[in-house]
Amino acid sequence: MNGDVRVRIAPSPTGPLHIGTARTALFNYLFARRHGGTFILRLEDTDVARSSIAYEKDILDGLHWLGLRWDEGPEVAGQAARGPYAPYRQMERLASYAEAARQLLAEDKAYPCYCTADELAADRAAQQAAHEPPHYVGRCAALIPAERAARELEGRPAAIRFRIGEGTVAFDDLVRGRVEIDTSALGGDLVIVRGDGTPLYHFTVVVDDAAMRISHVIRGEDHLSNTPKHILLFRALGVPEPLFAHLPLILNPDRTKMSKRKSQTAISDYIAQGFVREALVNYLALLGWSTGTEEEILSLDELAARFDVEHVQKGGAVFDRERLEWLNGQWIRKLSADELIDRLRPFLEADLHAGVIERMPDDDEVCALLPVIQERLPTLGTVGELIGFLFVEAVALDPAMLVPKRWDPTTTRDGLGAARDALAAVGEVSWEADELEPPLRALALERGWKAGDLFMAIRVAVTGRTATPPLFDTLVALGRDRTLGRLDRAIAVLAEAPEVVG
RNA sequence: GCCCCCAUCGUCUAGAGGCCUAGGACGCCACCCUUUCAAGGUGGAGAUCAGGGGUUCGAAUCCCCUUGGGGGCACCA
């Protein structure tokens, strides 16, 4: 690489951390790690109207959660900014944009523009009617000093426009190869500073990337067509250009750019549903990139050791939630007991608040259940439906569900009664899976029932569900008294229910 | 409308001229395991490599065209 590798993620706090931003951050992070470079976080908050502290916090928290630690970045929660190019918040860097703008103005590479919003809107409408691409007509490009003075006198606010000029801009994108774009396709002279004096994205990004010595700009493909503007600005400012790498977009199922309307895009939503960071990182890394081998379950460190731009895909990638869920299951199964208990706790607390459970299980109780639930969790959020029946006073019983498909209500009542007696005969001290199974199997054999049918009736009676962890582990977790109590209640429910076929 | 980018199973992808009668994974189907659900195992369906021209002894791989898709064209980022 040419000199030190310095890359950045530059989110704007105008919304919660987006899946696409997270992936761009991840690719930058992996690239930095792979090359022993520096990963920088910069907040692009110049859209004051849409930016908020809440979004900023969501973004920083999300990046933290993913494990993407930045080497340089803004001050956070009382902590000082980290890195030699502070501040890392654009609204705190206004002086440097003003200075850069002054420089461009002084060299006549930019000029004040007094056009009103109405004038610009009218231009755009006319262009559209004439089937021309929208562009600035250059009304203020060649104003003489007297004309400028007149407009200043009118009290018209002046935006600053950068002269785009003529010619072709070419660059060698690290993933796309050579890209050439004629400046005539850039929309005319570019506003770099608003009438109110605040700088615009295309300007600040260049000023900061230069100031922060960014070596590689790795970002989404949606910026590919904007890159010539940036290059022109780098040149006008007389600073070296970084290298560019444009990543394929993450797509909705209909192959349009992933959006909130059509997909779930906020990282916080995935966290809330119980996706684990390892799975999200693993999945996102493999969306648009591959190792070139058949490896696919990879940790952040393993990804960092393998990352290369050469294997970045050019075409967009549809976000496939099913594959994410599969990976999530893979990673949940790899977690240690302590780790899994810790990660399950917030979800159990949420279930408690939602009334799914009535009591918070302690760590030992959860630990005891781990062997039967760990491989049954597609997401952490499903823990409540898996073991919730253990932490409520009574489960809801549907008489129809109580009756196994090959049985009728009478047989079911009979079966549950007999099972209750058989289980009652097992003493408190012997209440273990190995002790519970033989008597029930013997009972089924004796009565000519399929063991599975009897087990299903018991399962629904004590859990209210047809899909549960293994029955005997379930009964042990439930305990003798509650098992017998729930069987009694199920029998009563069946007795009260009208004799309809279940 | 103009400019730019892209194009291998439904989806994510391997493939950098012969190893490809195209490999893996998710999903789907079947079977095995099994008290349900999972997990796991085995097998299967699924891509004339968008289409058409070239180049070459030989093309999914190189070139051109067509088609399709996407992105960008703000005093948003």
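If both residues of a DSSP beta bridge must be in chain A, then about 60% of such bridges are antiparallel. The magnitude of the dipole of chain A, with charges of +1 and -1 set on the Cβ of Lys/Arg and Asp/Glu and taken from the Cα centre, is near 1200 debye.
Coupling constants for segment A:55-71 follow from the phi torsions by the Karplus curve (6.51 cos²θ - 1.76 cosθ + 1.60, θ = phi - 60°), and in residue order they are 5, 4, 5, 4, 5, 5, 4, x, 5, 4, 4, 6, x, 8, 7, 9, 7 Hz; glycine and proline get x. In this simple spin-label model, placing a label point 7 Å from the Cα along the Cα-to-Cβ direction at both residue A:326 and residue A:353 gives a separation of 3.4 nm.
Rounded to 0.05, the FRET efficiency of the residue A:310 and residue A:124 pair, given R0 = 45 Å and the Cβ-Cβ distance, is 0.60. Amide H to amide H distances under 5 Å link residue A:318 with A:251, where only residues 5 or more positions off or on other chains count and H is placed in the peptide plane.
Put in line by how crowded their Cβ is, counting other Cβ atoms within 10 Å and starting with the fewest, A:246, A:64 read A:64, A:246. Shape summary: segment A:12-97 maps onto an equivalent ellipsoid whose semi-axes, from the alpha-carbon gyration tensor, are 20, 17, 12 Å in decreasing order.
A Förster radius of 41 Å combined with the Cβ-Cβ distance from residue A:80 to residue A:255 puts the calculated FRET efficiency at roughly 0.40. Per-residue ellipticity at 222 nm from helix content only, as computed over chain A with -39500 (n - 2.57) for each DSSP H run of at least four residues, stands at -14000 deg cm²/dmol.
Note: segment A:227-328, Cα convex hull, 147 Å³ per residue.
For chain A, taking Cα atoms only, Rg and Dmax work out to 31.8, 108 Å respectively. Kirkwood analysis of the Cα pair distances in segment A:72-213 returns a hydrodynamic radius of 17.5 Å. For residue A:191, the residues 5 or more places off, or on other chains, whose built amide H falls under 5 Å of its own are A:162. Largest first and in whole Å, the equivalent-ellipsoid semi-axes of segment A:446-502 read 19, 15, 11, each the square root of five times a Cα gyration tensor eigenvalue. To the nearest ten degrees, helix A:433-447 and the longest principal axis of the Cα atoms of chain A are 60 degrees apart. Which residue, chosen from A:116, A:20, A:130, occupies the Cα position most advanced towards the positive end of the dipole of chain A, where the dipole is computed from +1 (Lys, Arg) and -1 (Asp, Glu) charges on Cβ about the Cα centre? Going by the charge dipole, the pick is A:130. I need the Debye-formula profile for segment A:404-502: one equal scatterer per C-alpha, no solvent, reported as log10 I(q)/I(0) at q = 0.15, 0.16, 0.21 1/Å, two decimals. Log10 I(q)/I(0), no solvent term: -0.53, -0.61, -1.08. Residues whose amide H comes within less than 5 Å of that of residue A:8, counting only those at least five positions distant or on another chain, are A:40, A:218 (H built at 1.01 Å from N in the peptide plane). Look at the dipole of chain A built from charges on Cβ: of A:286, A:223, A:425, the Cα furthest out on the positive end belongs to A:223. Among A:85, A:29, the order by Cβ neighbours within 10 angstrom, fewest to most, reads A:85, A:29. Couplings for segment A:295-307, taken from phi via the Karplus curve 6.51 cos²θ - 1.76 cosθ + 1.60 with θ = phi - 60°, read 5, 9, 9, 9, 7, 4, 5, 5, 5, 4, 6, 10, 4 Hz in order; Gly and Pro are left as x. A simple rule links phi to the HN-Hα coupling: the Karplus curve 6.51 cos²θ - 1.76 cosθ + 1.60 with θ = phi - 60°, which for segment A:170-187 gives 10, 8, 9, 6, 5, 10, 9, x, 6, 10, 10, 9, 6, 5, 5, 8, 8, x Hz, with x for Gly and Pro. Multiplying the residue separation of residue A:141 and residue A:368 by 0.36 nm and subtracting their alpha-carbon distance yields 74.3 nm.
Extending 7 Å from the Cα toward the beta-carbon at both residue A:152 and residue A:408 defines two label points whose distance is 10.0 nm.
Rounded to the nearest 20 debye, the dipole magnitude of segment A:40-162 is 120 debye, with +1 charges on Lys and Arg beta carbons, -1 on Asp and Glu beta carbons, and the Cα centre as origin.
Read-outs throughout are calculated quantities, based only on the coordinates presented, and are distinct from any laboratory measurement. What you see is a predicted model; the values in this text were computed from it and never measured. Positions of Cβ are backbone-derived with ideal geometry, glycine not excepted, and every protein chain shown enters the neighbour counts.
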